[in-house]
């Protein structure tokens, strides 16, 4: 009996394995390791997403600023001579009487200036308005010596075609500006251009160099022009003129063309084109050459609109900032 009891005791001593406490300690160590690993993965993913988001913001900001800068650089194309031609200079800055039958109120006005800044209230975003033409010919002014409500007789109409959008201006006896849409240039005198109401024919130039006839209803000719001209100047803005209005709305940089009203969604407003999102603010300043030395100096940046036509002619630059 003594020998058997000793053998049983020796067998129990030889047994090996893990106790419940040891298993729980192992599980705890494993769980701590899993938590550490997942925390490292979460931190890494967060940093990656932050870097990606930052890159997206930079790219979006670059696109927004490049689009706006390119538009501002083209401001004044088609009527830039109004800023330096001695006989025409007073026309720069005048109030343009325009007409667009597609608008809810067809008759409207705007200021003849390459760029206009509408300052936002307080810290609100500014609005930048860029006026430019799209003509395919050298942007020089035309002189007309005779005028009716539906025609102008120029000293030479080369470069003017049906469907072109023209600015009409004069400085004497009073400063007046208006817009017309050319409908015919077939007069035998080779000088007269017509801007009638109703439909007219024009030529469509195709990419392969061929042409095709087109028909259009004049939408920019007022049947009762608010201004009567006897002589003056013409500026050809081509077939696709733009008065781009740049604004920030609901965090999006948007642009609308005020000269070609389009309301496809029926909300009674001009349809905007979204250029960039996540935009916080848009701010701008004029570079006004107050001392007329041909350059903008450090103290000549201002948010104040020019008042006189001569002051508008001395706006040489615009400084723009976009906060993303």
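Numerical summary
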read-out	value
Per-peptide average of other Cβ atoms within 10 Å, ordering 296-302, 264-270 highest first	296-302, 264-270
MRE, 222 nm, helices only [DSSP H, n ≥ 4, -39500 (n - 2.57), over the chain, to nearest 500]	-7500 deg cm²/dmol
Most mobile listed residue (148, 113, 203) in the chain, GNM with C-alpha springs under 10 Å	203
The stretch 93-199: equivalent-ellipsoid semi-axes (sqrt of 5 x gyration tensor eigenvalues, Cα, Å)	30, 15, 14
For the chain, alpha-carbon Rg and Dmax in angstrom	34.9, 143
Potential lengthening between residue 291 and residue 25 on full extension [0.36 nm per residue; Cα-Cα distance subtracted]	87.4 nm
Contour minus Cα-Cα distance for residue 172 and residue 277 (0.36 nm per residue)	33.1 nm
Using a Förster distance of 41 Å, the FRET efficiency for residue 127-residue 210 (Cβ separation, nearest 0.05)	0.45
Contour minus Cα-Cα distance for residue 56 and residue 69 (0.36 nm per residue)	2.7 nm
10 Å binning of all Cα-Cα separations within the stretch 91-144, expressed as whole percents from 0 upward	18, 36, 36, 9, 2
Euclidean distance between Cα centres, the stretch 104-164 to the stretch 217-269, Å	9 Å
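No value in this document is a laboratory result; all are computed from the given coordinates. Here the structure is a predicted model, which is why all the values come from computation and not from measurement. Here the Cβ is made from the backbone with ideal geometry for all residues, glycine too, and neighbour counts use every protein chain on show.
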